[in-house]
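All remarks here apply to the structure that follows.
Readers should treat all values here as calculations from the given coordinates under stated rules, not as data from a laboratory. If you're wondering where the values come from, they're calculated on a predicted model, not measured in any experiment. All Cβ positions, even for glycine, are placed from backbone atoms using ideal geometry, and neighbour counts span all protein chains on display.
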Amino acid sequence: MKKSTMLAFTAAVLLSAASFTGHAASAPTYDDNLILPNPASAPGLSNVVLVPVASPQVVQSLHDYVKAWENAEQKIALAEAKRDKHEQLTKADKKWLHSKDKHNYADYFRTHSLGRVHGFETALNWNGENRNKNEYEYFEMPKYNEKDGFVNSYGFNVLRGMVDRVNEVVQKQKQVGGPMTDDEAQALEDAILDILAQEQEHVSNEELRHYMNETIWFAAKETVKNKASEEPTAADEHVVDLRKAINEPMGSNDYNKVDLRSAIQQ
């Protein structure tokens, strides 16, 4: 009885080991197509889209981004014109000119969008342009070689590909001087949204759709935030007409008081 029990136990162990060995060479057991180089279930068009192609938050953040860029380019152009004519520059004019020397809307956007891609790559354990062999629990990603190049995760390829296309458009806008008119700003906004729609069209994975939306939203929001800290505030833009302030008629119950120190320092 003991002998037969031992034989049965041994057989079970051997079968289990054989099953594990065969499984170790195959794709992982968990359903995570985003980490694989070639997902077992090829992503296709989705019949039910749970996440809109471009979420309302993405549309709004992009609009704010291009309008802020347009406003900055217009204000900088006015300040440059005054400087070239040797006119006296206001505090705001000087700050607008200095903001152009520090950073720009295109490069900030590229930095934040690429940073978000690499953030997802790290957090989700994606393989992205990794020159070394990356071993996972049940499979491995081969190392870089000249013939095949990088073996990246599907999620990384999709997200990085979209970001590269968007940044190409944004950098071209930078080369021509940024959006100077409402039409140019709208054209830039539409171009970015078109790329997002084209890239998401063949992605059925709703998780990846969310990452694509979130990356563009984050890059636009952070760029506007960064540039706001370098540009004049509403107080800087406020200009006081001293002559008008002094000569303004008094009201029936008020004295015409002018704080000259405050007015001059504005």
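The table that follows gives values for the structure above.
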read-out	value
Net length gained if the chain between Gln60 and Thr111 were fully extended (0.36 nm per residue, minus Cα distance)	16.3 nm
Ranked by how many other beta carbons lie within 10 Å on average, peptides 227-234, 105-112 from highest	105-112, 227-234
Point-to-point label distance, Asn125-Lys102, nm (Cα→Cβ direction, 7 Å offset)	4.1 nm
Label-point separation in nm, Gln74 to Ala228, each point 7 Å along Cα→Cβ	1.9 nm
Protection-proxy order for peptides 194-206, 55-67, each taking the mean of Cβ atoms within 10 Å per residue, highest first	55-67, 194-206
Extension gain from Lys94 to Gln198, taking 0.36 nm per residue of separation minus the Cα-Cα distance	33.3 nm
Cα gyration tensor shape of the stretch 147-211, rounded if a/c is under 1.5, else prolate or oblate by comparing a/b with b/c	oblate
Potential extension, Glu168-Lys85 segment - 0.36 nm per residue separation minus Cα distance	26.4 nm
